[in-house]
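Report on the following structure.
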Amino acid sequence: MSRETDDLELSERPETEEDLEDLALGEDYSLNPAYVPMVVDALDRGDAERLRELLGALHPADVADLMGFLSADDREELVPQLDPEILAEVLSELDTEIREEILEHVPSATLAKALGEMESDDAADVVDDLEADKRAQVLAAMPEVERAAIETTLAYEDETAGRLMQREVVAAPQFWTVGQTIDHLRRESEELPELFFDVYVVDPAYKPVGAAPVSHLLRTRRETPLAQIMEQVTEIPVDMDQEEVAYIFDKYRLISAPVVEAGGRLVGQITVDDIVGVIQEETEEDILALAGVSDAGRDADFLGIVRSRLPWLLVNLVTEAIAVTVIAPFQPMIAKIVVLVMLLPIVSSLGGNAGTQALTVAVRAIASKELNAANSMRIIARELGVGVMNGAAVGLMLGGGLYLWQHDFKLSLVVFLAIIANLFVAALGGILAPIVLDRVGRDPAVSSSVVVTFMTDLFGFLALLGIAALILL
């Protein structure tokens, strides 16, 4: 079916759920703009039946996306229309800011039921967003076992494997056979995790000694011992940073991995669906940090955005003020050769762009562990070579164009050499700044851009004016 619905009138009411599903999403699986007014119209008219039809055609992730296009008042009216099972899935998909707002309006008893439908890791994330009073009310309304699982998860540090893992795992002793394991899975189906890929084989101390993939279990004869088909596992310490966990999953192409406490005892598992979220979150953080900003989502607070961006602009103002002080001693020369004023921002800007290129490559390489002490000198030498070659190419073009305009070979030579020098410094700063900051324990994505901008501007001005003083005067 076609998903082209831009001209659809709000009064049109498709007869089947398939029609609604086709209407709701575009070809790229994004929510169709025409669908949002239909939901708002149903809310305004208080048409609960129509609203359930519209929401029922959406996947919970699409309902979460829909929430971002609604006003706070519309969201407050919409949430009570969601069953606890659907609410549970929607809450786990929502942006943090919107989820915190919605949680204020969900009754504690309803929220307790919704949390009971979630995996322990998702439930803990939601509870962590609650105010202290409401958190106590919600936990008190939950069964003891589920409450204990959430409280245990919240006891771990944020952004660690302990907070990322789900406590529900499937484990079997190593003396069991394939048949015994499959029979156990069928008997205990209600207690199993909603999503799992491996049965962890454990010793008497409940330490994982291997893993039997579910696909292997289904292909193997019942009398085969688990010890014969189990594979080696990559254990994740419970206190490992989630970025390190994501790196391990990517490096070893893992689908799931057991999480162990200090003594090696199995306490949970992490699955690849959790890692996809971590990778996206960490990538967004690095991209935003490179620009010195925080996340400005659809419901971001205006003053909050100002507060997050203004400090870095002020820091940049200070560094730029320092950089331009190098111009003062060259004022008599600039007065004689006015064209230098036009060239200063060009040389500075080219250096800034080159520095950002090297910086971005370096930050990505550090984050993916492709850059370390073993190959840092080779990478630094490569970036410096690239800086010189690019500087020569750009300097030749700009110098050539300047010669055609001014017919002054010495002035063209000044620009040529200044651009080579500044792009060399830009490459040096772009690669060294994140390496040094990482070595001293600072986030290279946050601070490097200010350092590199300062270096390229300062040296860009100094290179152009200094070389001009040597050659032209």
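Given the criteria under 17 Å from residue 87 (Cα atoms), modelled with pLDDT of 90 or more, crowded, with 16+ Cβ neighbours inside 10 Å and among the β-branched types (Val, Ile, Thr), does residue 127 qualify? Yes. Here residue 202 qualifies as in contact with a Pro (Cβ under 6 Å, 6 or more places away or on another chain) and assigned by TED's automatic domain parsing to the domain that holds residue 276. Would you confirm whether any residue within segment 54-67 is in a loop (DSSP other than H, G, I, E, B), modelled with pLDDT of 80 or more and among the charged types (D, E, K, R)? There is no residue in segment 54-67 that is in a loop (DSSP other than H, G, I, E, B), modelled with pLDDT of 80 or more and among the charged types (D, E, K, R).
Of all the residues in segment 160-193, those that are surrounded by fewer than 19 Cβ atoms within 10 Å (Cβ to Cβ) and modelled with pLDDT under 90 number 7. Applying a threshold of 7 Å to beta carbon distances and a minimum spacing of six or more residues, or different chains, the list of pairs starting in segment 333-352 at a residue that is farther than 12 Å from residue 465 by Cα and ending at one that is among the charged types (D, E, K, R) and modelled with pLDDT under 85 is empty. What are the residues in segment 24-49 that are in a loop (DSSP other than H, G, I, E, B) and exposed (fewer than 14 other Cβ atoms within 10 Å of the Cβ), if any? Result: 27, 28, 29, 30, 33, 46, 47. Evaluate the following for residue 458: is it part of a loop (DSSP other than H, G, I, E, B), crowded, with 20+ Cβ neighbours inside 10 Å and either assigned by TED's automatic domain parsing to the domain that holds residue 344 or acidic (Asp, Glu) (or both)? Taking the combined requirement at face value, the residue does not satisfy it.
Taken over segment 61-85, residues that are β-branched (Val, Ile, Thr) and farther than 14 Å from residue 110 by Cβ amount to 1. Here residue 145 passes the criteria (1) touching a residue at least 12 places away in the same chain (Cβ under 8 Å); (2) within 22 Å of residue 269 (Cβ to Cβ) except the one numbered (1).
Annotation note: of 354, 323, 362, the sole residue that is out of contact with any Lys or Arg (no Cβ under 6 Å at 6 or more places or on another chain), surrounded by 12 or more Cβ atoms within 10 Å (Cβ to Cβ) and closer than 30 Å to residue 248 by Cα is 362.
Residues in segment 124-164 that are of a type outside the set (Gly, Ala, Ser), closer than 23 Å to residue 281 by Cα and assigned to a helix (DSSP H, G or I): 125, 126, 127, 128, 150, 153, 154, 163, 164.
The values are calculated or read from the model by the stated rules, or taken from the named source; none is laboratory data. Quick caveat, the model's predicted, so the values are computed rather than measured. Here Cβ is always computed from backbone atoms with ideal geometry, including for glycine, and neighbour counts include all displayed protein chains.
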